[in-house]
1. For region 201-214, does any single residue satisfy the condition of being near the ligand (Cβ under 10 Å from one of its atoms), under 21 Å from the mean Cα position of the chain (by Cα) and under 24 Å from residue 105 (Cα atoms)?
2. Can you confirm whether residue 316 is closer than 15 Å to residue 123 by Cβ and modelled with pLDDT of 95 or more?
3. Considering only region 75-112, state which residues are at negative phi, within 16 Å of the ligand (Cβ to nearest atom) and surrounded by fewer than 20 Cβ atoms within 10 Å (Cβ to Cβ).
4. Test residue 7 against the stated conditions and say whether it is within 19 Å of residue 325 (Cα to Cα), touching a strand residue (DSSP E or B) at 6+ places or on another chain (Cβ under 6 Å) and not in a helix (DSSP H, G or I).
5. With the requirement that a residue be over 20 Å from residue 131 (Cβ atoms), touching a helix residue (DSSP H, G or I) at 6+ places or on another chain (Cβ under 9 Å) and either at pLDDT 60 or above or within 8 Å of the ligand (Cβ to nearest atom) (or both), what does region 240-269 give you?
6. Is there a residue in region 60-74 that is crowded, with 19+ Cβ neighbours inside 10 Å and over 19 Å from the mean Cα position of the chain (by Cα)?
7. Confirm whether residue 42 is within 24 Å of residue 336 (Cβ to Cβ), more than 16 Å from the ligand (Cβ to nearest atom) and not assigned by TED's automatic domain parsing to the domain that holds residue 329.
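The values are calculated or read from the model by the stated rules, or taken from the named source; none is laboratory data. These numbers were taken from a predicted model, which means no experiment stands behind them. Neighbour counts run over all protein chains shown; Cβ positions are idealised from the backbone, glycine included.
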Ligand SMILES: C[S@@+](CC[C@H](N)C(=O)[O-])C[C@H]1O[C@@H](n2cnc3c(N)ncnc32)[C@H](O)[C@@H]1O
């Protein structure tokens, strides 16, 4: 048996650090299982580090596995626990293409915490079993793009849809400036989507960028596309069967209301909006692609989501390590995660 300890990032959201470690154990388990590793339970354990996640593996971790583990949301450093409990530091090859600052710089009301977003992206990557090399992540209600930046950092192509056109514009300004300041080679194109009769249905932009000149020259650049549109019509904007994972922090009904057609006021629960959006979401997701949603348990229940997704023909991930993510964010938000896969 090989024993490993992951030092938890001390900078991780202090408001819910204790639960962050607990849910990170499940996230790590999902990552390990998706790499077909035979491992023991992942536990928080005292091995002489301030806070550590510990697990045993039948096989010694290889370079690729170490890199994947280092992308977990709580990761700060990894050690192999050797004879006598000594901690041997390991040095994974960096997992990221673009710098992690990309998702950290912007601060605004309604932003989803970037480490929590990374956890959702990792759950999506672990739950999905799509074919093809280059993976595409979509956030169908992307706000100012935290999920998209986390996807870019992990080397994915990303596409987002956001109803607030002003936010889409601000996101474009930010990402172009980021690429310029970081001297990353990039190319921006305007995107316009038209529906039947040539009527415009969405404005947007696409940026093609690479972390190095060589990658850009070798056609290893990544793409970010973003559209200002209603999430219920994404099937008219985005190619069918093109996304491997969908990750989104649903409108909470506290900071954001969901704007659905039946109720023009701000609705507290995003369920009605989801019912209307899900047929379109399903079309753009690939077979074996995964959807990961975070939501407020005070306004929406896991069981309601499970019933809706089952009715829509999805396979609900209802077992560990894909359940049990509920945690308190503040007085009005008890956050949870729901995961389902398209057959
Ligand atoms: C919780 S926020 C997402 C925040 C995002 N993860 C971030 O960090 O910036 C939910 C987003 O859903 C958007 N939204 C609500 N209804 C929508 C709809 N019908 N279509 C597209 N986006 C919608 C809201 O404008 C809001 O930006």
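1. No, region 201-214 contains no residue that is near the ligand (Cβ under 10 Å from one of its atoms), under 21 Å from the mean Cα position of the chain (by Cα) and under 24 Å from residue 105 (Cα atoms).
2. Considered against the rule, which asks whether it is closer than 15 Å to residue 123 by Cβ and modelled with pLDDT of 95 or more, residue 316 comes out as yes.
3. 100, 101, 104, 105, 106, 107, 108, 109, 111, listed by residue number.
4. No.
5. Selection gives 248, 249, 250, 251, 258, 259, 260, 267, 269.
6. Yes, the conditions are met somewhere in region 60-74.
7. Judged against the criteria, residue 42 is a match.
Results for (1) outside the structural domain of residue 33 (by TED's automatic domain parsing); (2) under 30 Å from residue 315 (Cβ atoms); (3) touching a helix residue (DSSP H, G or I) at 6+ places or on another chain (Cβ under 8 Å), shown as yes or no for each residue.
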{"site": "60", "(1), (2), (3)": "no, no, no"}
{"site": "70", "(1), (2), (3)": "no, yes, no"}
{"site": "73", "(1), (2), (3)": "no, yes, yes"}
{"site": "77", "(1), (2), (3)": "no, no, no"}
{"site": "135", "(1), (2), (3)": "yes, yes, yes"}
{"site": "139", "(1), (2), (3)": "yes, yes, yes"}
